[in-house]
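What follows is a single structure, written as structure tokens, with notes after it.
Values quoted throughout were computed directly from the atomic coordinates according to the rules given, and no laboratory measurement underlies them. These numbers come from a predicted model, not from an experiment. Here Cβ is always computed from backbone atoms with ideal geometry, including for glycine, and neighbour counts include all displayed protein chains.
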Amino acid sequence: MISTTLTPDLVRGHRRPRADISRGRPPPAPRWVRRQFPDSQPPAMEAQPSGVRVEFSTSASRIDMDLRSGASSAHHGPSHTTVVANLGHRAKSVQPWLPHNETVELIDLRTDRPVEAERRPQRVWMHHGSSISQESNALAPSQTWPAVAARRAATCTCATSVSAAAPWSTPFSHGSIRDTPADVISVKLGINVVNLDAMRLRAFVPAVHGFLDTIRDGHPTTSL
């Protein structure tokens, strides 16, 4: 079996594609964010790779992926190997989608023939939302709303949809959206402002404008 190093061009759907993903984990928020906002909720949700998948072309008949997943706390233990076999040796496009509702770590990708990163040009859609967009209750990672919408629009989605992220009390994702190349951007506002009673009208209006202005600093003409 051939072991393939997991490089950024093989992992799609993450908003920080230049980060070191050699171990397959979604990269954490920058250190300055964790220092300024040491809340445990955003990192726990960010670690769930909703919308992230491995994407490659190959004529391999067998594909093995070693993974390690966990819940709210990590414990050292053996990895799990997912095997997809008897695929035949014709050329094919493969998209293993990572779990959208738990933390996962990619350990290794092995195939009985070489793999190549997909070279299909895609428009990039960046979406910011809450647990409604992350959709931990979806039946499968490829069936979340951003995933379905992205396929229908023939785009690659990069989601910053994490539980309780819709209130403007967590502004640190604005810079991430500003600094990530995107062809289309959408933002979902409001739900956690209501259910967390997080903000009043006087604070909400300038917070929204500040959010959009930060995005516009990096995307002055991008469809929003």
Would you mind getting me the FRET efficiency between Asp112 and Thr5? Use the beta-carbon distance for r and R0 = 22 Å, nearest 0.05. 0.85
Determine, from the Cβ-Cβ distance of Asn137 and His89 and an R0 of 45 Å, the FRET efficiency 1/(1 + (r/R0)^6), rounded to the nearest 0.05. 0.75
Within-13-Å neighbourhood charge of Asp217 [Cβ basis; K, R +1; D, E -1]: 0
Kindly state, to the nearest 0.05, the FRET efficiency for Ala203 paired with Arg35, given R0 = 41 Å and r defined as their beta-carbon distance. 0.95
Checking rank on 131-137, 5-11, 115-121, with mean other Cβ inside 10 Å and highest first, the result is 131-137, 5-11, 115-121
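Where does each of 95-106, 198-209 land if you order them by average Cβ count within 10 Å, highest first?
Details: 95-106: 18.8, 198-209: 12.8.
Taking the mean over residues of other Cβ atoms within 10 Å, the ranking is 95-106, 198-209.
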Expected sort for 59-65, 77-83 on mean C-beta neighbours within 10 Å, highest first, is 59-65, 77-83
